[in-house]
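Before any comments, here is the structure.
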Amino acid sequence: MANSKSRAGGQAVIEGVMMLVQGGYAMSVRQPDKQIKTIKKPFIKITEKNKFFMLVFIRGIASFIEMINLGYNSINRSAEIAYGENHRVSLKETIYSSFVILASLVVGFGIFLYVPIFIGSLLKLQSNQFIYNLFIGAFRLLLFIIYILAISFIKDIKRLFMYHGAEHKTIYAYENGEELTVENIKKYSTKHPRCGTSFIFIILVSAIIFYSIFDTIIFSTVGIRNIPVNRFINHIIFLPLIASIS
């Protein structure tokens with residue numbers, strides 16, 4: 001049974017849940033024959049391996065990248081288990097799919113950052129930095145909500161979201177010292193305050209405040225030309241800092 005003070009992280013994977021605690025992680029996935037396969041592996045966070053990555057601001061960025069890598073690998077491994085070992089892909093296919101995913105993320109992220117800036121400039125909101133950044137932040141928040149709602153209609157994604165709720169329930173039970181049985185887990189909420197989606201909302205709100213201040217300094221005080229491209233570059237440069245603070 002877990003100690004009630006233990007903290008855990010995790011994520012939904014294909015047909016299962018991955019949970020991360022200090023010193024290791026475990027992943028349980030439903031196989032094609034409906035049996036549950038569980039994998040347990042040791043895992044030492046980079047912030048525990050090297051004190052450099054414990055420095056302020058560095059810690060948040062390093063942990064974020066590390067969790068993305070662990071999450072990506074967990075998704076791939078869960079797919080192999082859920083769809084059968086015949087689903088195992090070659091190194092060449094892995095590299096190709098990783099490149100496609102990365103390229104899609106870069107393009108999508110670029111659109112997510114730039115389009116609100118461009119529309120705000122068309123509406124000539126630059127004269128008031130707070131209003132401009134409030135518009136940009138609200139527009140990005142709206143895009144994010146629309147994106148989540150849209151992909152939730154995809155059958156496989158909807159099922160992944162269901163496992164996401166199951167992950168929250170499981171972590172709640174674990175952190176409250178409960179034995180991880182279906183009966184114990186069922187009584188907990190699917191909403192968890194440390195959810196990654198909540199983290200994105202925090203970043204979006206923090207960005208409104210941060211950019212309102214720093215855009216004023218950069219474009220009004222320093223004298224850099226206030227055009228969409230410059231603002232886009234500025235937002236990209238400071239985004240890791242905002243994510244780290246958040």
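Can you name the residue in region 121-137 that is part of a helix (DSSP H, G or I) and touching a residue at least 24 places away in the same chain (Cβ under 8 Å) and, of all such residues, is surrounded by the fewest Cβ atoms within 10 Å (Cβ to Cβ)? Only one residue tops the list, namely Phe130. Of the listed requirements (1) surrounded by 12 or more Cβ atoms within 10 Å (Cβ to Cβ); (2) within 27 Å of Ser74 (Cα to Cα), His235 misses just one: (2).
Candidates in region 51-90 are the residues that are outside any helix (DSSP H, G or I) and not aromatic (Phe, Trp, Tyr); of these, the one that is modelled with the lowest pLDDT is Val89.
Only one of these is among the aromatic types (Phe, Trp, Tyr) and over 30 Å from Asn234 (Cβ atoms): Tyr132, Tyr188. Name it. None of the other options fit; the residue is Tyr188.
What do you reckon, is Tyr147 out of contact with any strand residue (DSSP E or B) (no Cβ under 8 Å at 6 or more places or on another chain), buried (at least 17 other Cβ atoms within 10 Å of the Cβ) and among the hydroxyl-bearing types (Ser, Thr, Tyr)? Can you show your working first?
Working: out of contact with any strand residue (DSSP E or B) (no Cβ under 8 Å at 6 or more places or on another chain): yes; buried (at least 17 other Cβ atoms within 10 Å of the Cβ): no; among the hydroxyl-bearing types (Ser, Thr, Tyr): yes.
Criteria not met by Tyr147.
For region 14-50, a residue qualifies if it is at pLDDT below 90, touching a Lys or Arg at 6+ places or on another chain (Cβ under 8 Å) and aliphatic (A, V, I, L, M), and exactly one does: Val21. Show the residue pairs that are 6+ apart or on different chains and have beta-carbon atoms under 8 Å apart, the first residue being within region 218-233 and hydroxyl-bearing (Ser, Thr, Tyr), the second being modelled with pLDDT under 85 and surrounded by 15 or more Cβ atoms within 10 Å (Cβ to Cβ). Here the result reads Ser220/Gln129, each pair linking region 218-233 to a residue that is modelled with pLDDT under 85 and surrounded by 15 or more Cβ atoms within 10 Å (Cβ to Cβ).
The values are calculated or read from the model by the stated rules, or taken from the named source; none is laboratory data. Small disclaimer: the values here were computed from a predicted structure and weren't measured. Positions of Cβ are backbone-derived with ideal geometry, glycine not excepted, and every protein chain shown enters the neighbour counts.
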